Amino acid sequence: MSKIHAAITAVHAYVPDYILTNQELETMVDTNDEWITTRTGIKERRILKGEGLGTSDMAVPAVNGLLKKRGIGAEEIDLIIFCTTTPDFVFPATANILADKIGAKNAWGYDLSAACSGFLFGLATGSQFIESGKYKKVLIIGGDKMSSITNYQDRATCIIFGDGCGAVLLEPNDEGNGIIDSILKSDGSGVPYLHQKAGGSVKPASHETVDAREHYAYQEGQAVFKFAVTNMADVAAEVMERNNLKAEDIAWLVPHQANKRIIDATANRTGVSADKVIINIEKYGNTTNATIPLCLWEWETKFKKGDNLILAAFGGGFTWGSIYLKWAY
Ligand code: UT7
């Protein structure tokens, strides 16, 4: 009997309507379009506006669109893994809230926290439930309302982040397509360079933490850049080598969209030519857990059954990793 792989059988996403351009940011902090474009590749990002709306509210249209495309009902979903750094609440899990909102009444779920690598960690984790034969339909969501933890007085971070949410469905595949291999890494010594200082159990919210603006993403950009640029490129190259894949065997490289310069370094290291590298950072910025599913969503119609895709990410934690998958439809 051939091995069962977990294959992506549908993808959909949602980005909010509001577009925050570099020009608008110029009116908010001391920055300019030229600096942002040359240093990051970002031109605009989407922002979820509206009182009382959270990450799950972007996941609802993403998942409903996915279910419609696949022609199945929410009650058929077995498990929801919600990869996010900006959950609706500290608890309960956003996966629970989403299950209720979409009517996935036979599913259980949990949130997965691995910053920008979360979606890859989610794919690797969710695929185990499919490969083991335990479940037939697993939803992996990657979504973040980064605007809820972005300090719009800090020009070094507010130009980077945007909001969005993507979702994929994992189902069993016996044709040799699906998730073939993954290399995932984490290193907790990276905390000082990229984290949210307050709001957790170490430093619960207080007047002081709010006054000190410690409930926002804090990043030492240059330090993170150095780790990201080598680790993301190396891990993508490693997963290719381990599977005897040359650059010409790769149909698409799908990198986390944090900085165009990091994407270019990953492309160079793997040898994958520019026309096979998926880039949409100019439109959405860094949507953390959503970058890779947003790429899959936008390029879905270009993928062919059997295409070799290499996914790669680096994020806070530090976390990083790469997944080799064969597109299944
Ligand atoms: O997704 C999770 C992982 N995160 C990442 O991978 C992000 C990695 N880091 C980066 O992408 C880059 O470090 C940033 C885009 C965040 C910053 O770019 P950089 O080239 O590393 O800039 P820098 O922090 O070294 O700053 C260079 C200069 C500084 O001025 P001085 O000290 O040279 O006078 C900054 O104050 O640019 C200044 N600067 C800005 N200038 C205009 C910083 N932000 C801005 C800005 N507009 N928005």
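Quick note: the coordinates plus some simple rules give every number you see, no bench work behind them. Quick caveat: nothing in here was measured; it's all calculated off a predicted structure. As a convention, Cβ positions derive from the backbone with ideal geometry for all residues, glycine included, and neighbour counts pool all protein chains shown.
Per-peptide packing, taken as the mean over residues of other Cβ atoms within 10 Å, places 188-196, 108-116 in the sequence 108-116, 188-196 from highest down.
Using 0.36 nm per residue and subtracting the Cα-Cα separation, the extra length available between Asp275 and Tyr110 on full extension is 55.8 nm.
Annotation: amide H of Asp307 within the under-5 Å range of Trp327, sequence separation 5 or more or interchain, hydrogens built in the peptide plane. On a per residue basis, the convex hull of the C-alpha atoms belonging to the range 5-175 measures out at 123 Å³. Measuring between their Cα centroids, the range 251-323 and the range 146-219 lie 17 Å from each other.
In this Cβ point-charge picture (+1 for Lys and Arg, -1 for Asp and Glu), the range 26-73 has a dipole of about 540 debye about its Cα centre. Here r is the Cβ-Cβ distance between Ser186 and Asp249 and R0 is 35 Å; the resulting FRET efficiency, rounded to 0.05, is 0.80. The lysines whose alpha-carbon is closer than 27 Å to the alpha-carbon of Lys68, local same-chain residues fewer than 8 away aside, are Lys49, Lys101, Lys105, Lys134, Lys136, Lys137, Lys145, Lys283, Lys302, Lys304, Lys305, Lys326. Note on the range 180-326: the C-alpha convex hull projects to 9.6 nm² when averaged across all orientations.
The listed peptides 168-174, 13-19, ordered by packing as a protection proxy, come out as 168-174, 13-19 (highest mean of other Cβ atoms within 10 Å first).
Here's the list of aspartates and glutamates a cross-link from Lys185 could span, going by alpha-carbon distance under 20 Å and ignoring same-chain residues fewer than 8 apart: Asp111, Asp234, Glu238, Glu241. Relative contact order of the range 180-326, taken over Cα pairs closer than 8 Å and 6 or more residues apart, is 37 percent.
Sorting 233-239, 142-148, 127-133 by average packing, meaning the other beta carbons within 10 Å per residue, from highest down gives 142-148, 233-239, 127-133.
Ranked for footprinting exposure by Cβ neighbours inside 10 Å, fewest first, Glu51, Glu24 give Glu51, Glu24.
The HN-Hα couplings worked out from phi for the range 104-117 by the Karplus form 6.51 cos²θ - 1.76 cosθ + 1.60 (θ = phi - 60°) are 7, 7, 9, 9, 10, x, 8, 8, 10, 10, 8, 6, 5, 8 Hz, whole numbers, x standing for Gly and Pro.
Binning at 20 angstrom from zero up to the longest distance, how are the C-alpha pair distances of the chain distributed in percent? Answer for the chain: a P(r) of 34, 59, 7, 0 percent. Principal axis analysis of the Cα atoms in the range 96-217 yields extents of 55, 33, 27 Å, listed in decreasing size.
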